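Trainee: Just dropping this structure here.
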Amino acid sequence: MNLKGKRAIVTGGSRGIGKAIVLELASGGCNVVFTYNSSEEAAKNVEQEASSKGVKAFAVKADASSYSEAENTIRFALDNMGGVDILVNNAGITKDGLLVRMSEQDFDTVVAANLKSVFNYTKAAAKQMMLQRSGKIVNITSLVGIIGNPGQANYVAAKAGVIGLTKSNAKELASRNINVNAVAPGFIATDMTEKLNDKQKETLLNTIPLKREGTALDVAKTVCYLCSSDADYITGQIISVDGGMAM
């Protein structure tokens, strides 16, 4: 997968899966602008690590749920990289709780961060990609957006929405040579899954045919494939990276 000289934007790139995507793109020779919303120190560390691979890397503080900040990020990428070839919509949060106890604010906040953010960045980046008549967009959804999950009505609704948005945008943008796909991670080892106790982890592992949790790198490699010319004839697809969990 030759990504040398390509120019990418990754939302939520300072930790977990987003960080792995930024570093894997950089390892392939891709220049990267990535956003973060909280830890400047973590973002600067990722920026330095990515830059050490011989590419341009820039951390930009931005609220993914804000369209104006999405436009500012795209403008920053154009000013510093000269174009946008790749967009990875990874930013997201969770505010879990049973439906009857979930506040309206928690529902709205999660949908804004996980779904509206995809609309924001896709709309802002697509304008430039349409001018270039080329582009790769990869949205990070989730296995639970396909199968559902108790206690995550807000998150599941948002991730299911990402799947629908992916397919609609793929149909709209195909004529301009822009590919739009999504990756649906399953049980991936991240800071969020570290909060699970041993019994919860064992229960989850028993549902996975490959009998192991995935890694952020497993997801990142799939994303980079979809961003490469090897995937030029793939669009509108949802690729599960879940060890067979939803098979």
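All of the numbers you see were taken from the coordinates with simple rules; none came from a lab. Owing to the predicted nature of the structure, the values given are computational and were not obtained by experimental measurement. All Cβ positions, even for glycine, are placed from backbone atoms using ideal geometry, and neighbour counts span all protein chains on display.
Trainee: By how many degrees, between 0 and 90 and to the nearest 10, does the Cα long axis of helix 153-173 differ from the longest principal axis of the chain?
Mentor: Once rounded, one gets 30 degrees.
Trainee: Quick check on the exposure proxy: order TYR155, TYR225, TYR121, TYR233 from fewest to most C-beta atoms within 10 angstrom.
Mentor: TYR233, TYR225, TYR155, TYR121
Trainee: Going through the cross-link list LYS61/LYS171; LYS116/LYS136; LYS56/LYS171; LYS53/LYS159; LYS127/LYS221, which pairs have a Cα-Cα distance over 24 Å in this structure?
Mentor: Table pairs above 24 Å Cα-Cα are LYS61/LYS171; LYS56/LYS171; LYS53/LYS159; LYS127/LYS221.
Trainee: Can you show me the helix-derived [θ] at 222 nm for the chain, built from DSSP H runs with n ≥ 4 at -39,500 (n - 2.57) apiece and divided by the number of residues, rounded to the nearest 500.
Mentor: Counting only the DSSP helices, I get -13500 deg cm²/dmol.
Trainee: Restricting things to Cα coordinates, could you compute the convex hull volume per residue of the range 36-82 in Å³?
Mentor: Dividing the Cα hull volume of the range 36-82 by its residue count gives 58 Å³.
Trainee: Whole angstrom only: what separates the Cα centroid of the range 94-124 from the Cα centroid of the range 64-89?
Mentor: 21
Trainee: OK, next. Go through the range 62-71 residue by residue and turn each phi into a ³J(HN,Hα) via Karplus (6.51, -1.76, 1.60, θ = phi - 60°); whole Hz please, and just put x for glycine and proline.
Mentor: Once rounded to whole Hz, the list reads 7, 8, 5, 7, 9, 5, 4, 6, 5, 4.
Trainee: Please list 3J(HN,Hα) in residue order for the range 230-247, calculated via the Karplus relation 6.51 cos²θ - 1.76 cosθ + 1.60 where θ = phi - 60°; whole Hz, with x for glycine and proline.
Mentor: 4, 10, 4, 9, 10, 8, x, 9, 10, 9, 7, 10, 9, x, x, 4, 9, 5
Trainee: Please report how far the C-alpha centroid of the range 17-45 lies from that of the range 127-200, rounded to the nearest whole angstrom.
Mentor: Going from one Cα centre to the other spans 18 Å.
Trainee: So, one more: Relative to the Cα centre, what is the charge dipole magnitude of the range 95-233, using +1 at the beta carbon of each Lys and Arg, -1 at the beta carbon of each Asp and Glu, and rounding to the nearest 20 debye?
Mentor: 420
Trainee: Could you pull out every one of the lysines with an alpha carbon less than 24 Å from that of LYS199, ignoring same-chain neighbours closer than 8 positions?
Mentor: Correct list for LYS199: LYS95, LYS211.
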